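A quick write-up on the structure given underneath.
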Amino acid sequence: NLTVSPVRSEAGKPEYFVMVVEETTDRRQLDEQHLSSSAPTMNYATELEGLIESLSDALFVYDRHGRVVRMNRAAQKMLGLQSFQGLSSLTQEERVQLFGARDASGHILTFEQQPSSRLLKGETLTGSGTIDLMIKSLDGHEVEVNVSGAPLYDQERHVVGGVAIFREVTERRRLERHTHETLHALLSMAESLVFVSA
């Protein structure tokens, strides 16, 4: 059973969707027994899998303990995990150490700053609440990412996990830094010209 909810920015614009999947195998088997054998059936798990894998951004799903229970191919590629097994067995601290996750200032993240920790506390990471991180992938290259996400709740509104989207922004951040440096240089030149002409 698939439940999809949009997560909106502070301005109310949909930014991404959070999906919760409930296994209904036993119930579905009973339902199928009551249907005629010629009736077409849909495989929702296959459709969901296809949707997750078609995302160009890295998707991570965490359980209530912060362990990674699902990620897509984009996540594996971004972090160089194609031949790495066992990410799901790592703790949050071990993941931070493995990937050297740092904030935009270059400081190693504390436990409380980690996206998974914030999601498990019920925080939604959208709009100005998204997180900029620097990560070193296992194949050795630096990746800058912007992380958004939302907690996952059970029917009693208890947090049971979280979903995070890691969007690579390495090139965009490089261009922003270049633009800032160019602007700073132009301002310095303009100040020098004004000083000389005065």
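The values are calculated or read from the model by the stated rules, or taken from the named source; none is laboratory data. Bear in mind that the values here come from a model prediction, so they are computed numbers and not experimental data. Note that we place each Cβ from the backbone using ideal geometry, even for glycine, and neighbour counts take in every protein chain shown. Quick note on the areas: whole protein, heavy atoms, side chains included, nothing else; ligands and nucleic acids left out. Shrake-Rupley method; radii C 1.70, N 1.55, O 1.52, S 1.80 Å.
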Self-check item: Pair list, Cβ < 7 Å and 6+ apart or interchain, from region 148-171 residues that are polar (S, T, N, Q) to residues that are open to solvent by 70 Å² or more (accessible area, probe 1.4 Å)
Solution: SER148/GLU15
Self-check item: Those residues of region 119-174 which are polar (S, T, N, Q) and open to solvent by 20 Å² or more (accessible area, probe 1.4 Å), in sequence order
Solution: THR124, SER128, THR130, ASN146, GLN155, THR170
Quiz prompt | Boolean, ILE108 is open to solvent by less than 70 Å² (accessible area, probe 1.4 Å) and of a type in the set (A, V, I, L, M, F, W, C) | solution = no
Quiz item: What are the residues in region 85-110 that are in contact with a strand residue (DSSP E or B) (Cβ under 9 Å, 6 or more places away or on another chain), outside any helix (DSSP H, G or I) and small (Gly, Ala, Ser), if any?
Solution: GLY100, ALA101, ALA104, GLY106
Quiz prompt | Criterion: at pLDDT 70 or above and exposed (fewer than 14 other Cβ atoms within 10 Å of the Cβ) - qualifying residue of ASN1, ASN43 | solution = ASN43
Exercise. Please work out which residue is farthest from SER9 (Cα to Cα), limiting yourself to region 111-135 and to residues that are in contact with a helix residue (DSSP H, G or I) (Cβ under 6 Å, 6 or more places away or on another chain) and in a strand (DSSP E or B).
Key: ILE135
